[in-house]
Amino acid sequence: MSTIPVTHGGAPALANRQRALLIEYSMPLAYAVLFAVLAATVDNFFSVANVVGLMLSVAQIGMVACTMMLCLASRDFDLSVGSTIAFAGVLGAMVLERTGSVTLAVGAGLGAGALIGAGNGVLIAYLRVNALIATLATMLMVRGLAFIASQGQAVGINSNAFIAFGDTQVFGLPLPVLVAGACFLVFGVLLNHTVFGRNTLAIGGNPEAARLAGVKVEKLRVWIFLLQGLVTALAGLILASRITSGQPNAAQGFELDVISACVLGGVSLQGGKARIFGVLIGVLIMGTVENVMNLLNVDSFYQYLVRGSILLAAVLLDQLKARGERRT
């Protein structure tokens, strides 16, 4: 009589689950360890003033990372966010200077950001221009417009009502921090609990399969980039209020910090995968490293080296995770 061998799949299955949990929570655990070590070894790092300053320093990155997450999840990205921040700040400051109306200034900045984002979406979704080329071109053109409009000079802001966007404290926290927190909440719900979020992940995973399932891929991509431009412009207006001027050279290299934070937070460059909590951790890692380097008076040249290394590490980590998922 032949016997059928009995396999015990419990142990391998348990090991796979443990490995998956370790991968999923590796970044939060790493950040918790990093924060604890820095709090114990770096003077003034754990002070209330420095922690609030840390949150304020990453507020703009956090806001834009929420929408960059959607772009990356849909298998796109946006290199024009730094230029959009600068242009929105310059335009808002110029409108404020000429009209004295905070409402018009904010509306002009947000409208410009939405148009820039929608323009990127149309180029990529309908005209089939590669996202790298489309947003690189937009980055250069929008930065150029910021310099042309301001004649290469900073545009000062004297309105206390506008400056209040960056200075107001609510429950002991600066308003930009609360706005960033609201962005994480809103886009977390949008990603995880709406058809919009599910369709975004679907087109990032397989655009053709999503199209066959009835998803309007091109229209959705335009909306994603429109949201990207709108939130980026809001970040630009808040930055202008904090530094009390619209600066045409503001936020240079900003897009790399945002993309690095997203990839560190587990957003796949290959699309179809994103977690809002992971993006928050990625933003905090980027901000904490820069904050500590400033506390330790690390030369700015070395800071560029460290930030580039973090970006490279983020990309390599994304590749390693993708390979691990394919093996399992």
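Details
- For region 154-169, the set of residues classified as in contact (Cβ under 8 Å) with a residue 24 or more places away in the chain, open to solvent by 40 Å² or more (accessible area, probe 1.4 Å) and in a helix (DSSP H, G or I) consists of Ala161, Phe165, Asp167, listed by residue number.
- Residues that are more than 21 Å from the chain's Cα centre (by Cα) and of a type in the set (D, E, K, R), drawn from region 111-161: Arg128
- When Ala13 is tested against (1) within 26 Å of Leu320 (Cα to Cα); (2) at pLDDT 70 or above, just one condition goes unmet, and that condition is (2).
- Residue that is assigned to a helix (DSSP H, G or I), of a type in the set (A, V, I, L, M) and in contact (Cβ under 8 Å) with a residue 12 or more places away in the chain, where the choices are Leu79, Leu29, Leu54, Leu104: Leu54
- For the residues Ala65, Ala88, Ala112, the requirement of being assigned to a helix (DSSP H, G or I) and over 30 Å from Lys273 (Cβ atoms) singles out Ala112.
- Every listed requirement among (1) at pLDDT 90 or above; (2) over 20 Å from Gln228 (Cβ atoms); (3) more than 18 Å from the chain's Cα centre (by Cα); (4) of a type in the set (A, V, I, L, M) is met by Leu284 save one, (3).
- Matching residues in region 115-153 - criterion: being part of a helix (DSSP H, G or I) and open to solvent by 50 Å² or more (accessible area, probe 1.4 Å): Leu115, Val122, Leu123, Leu132, Ile133, Leu136, Leu140, Met141, Leu145, Phe147, Ile148
- Per-region count, region 66-88, residues under 15 Å from Met141 (Cβ atoms), aliphatic (A, V, I, L, M) and touching a Leu at 6+ places or on another chain (Cβ under 7 Å): 3
- The set of residues in region 191-217 being without any contact (Cβ under 8 Å) to a residue 24 or more places away in the chain, open to solvent by 30 Å² or more (accessible area, probe 1.4 Å) and not charged (D, E, K, R) consists of His193, Thr194, Val195, Asn199, Ala209, Leu212, Ala213, Gly214.
- Residues that are open to solvent by less than 10 Å² (accessible area, probe 1.4 Å) number at least 3 in the following helices (runs of 4 or more DSSP H) confined to region 232-328: 254-264, 276-295.
The values are calculated or read from the model by the stated rules, or taken from the named source; none is laboratory data. Values in this document were obtained by computation on a predicted structure and should not be read as measured data. Note that we place each Cβ from the backbone using ideal geometry, even for glycine, and neighbour counts take in every protein chain shown. Surface accessibility is based on the protein's heavy atoms, side chains included, excluding ligands, DNA and RNA. Shrake-Rupley method; radii C 1.70, N 1.55, O 1.52, S 1.80 Å.
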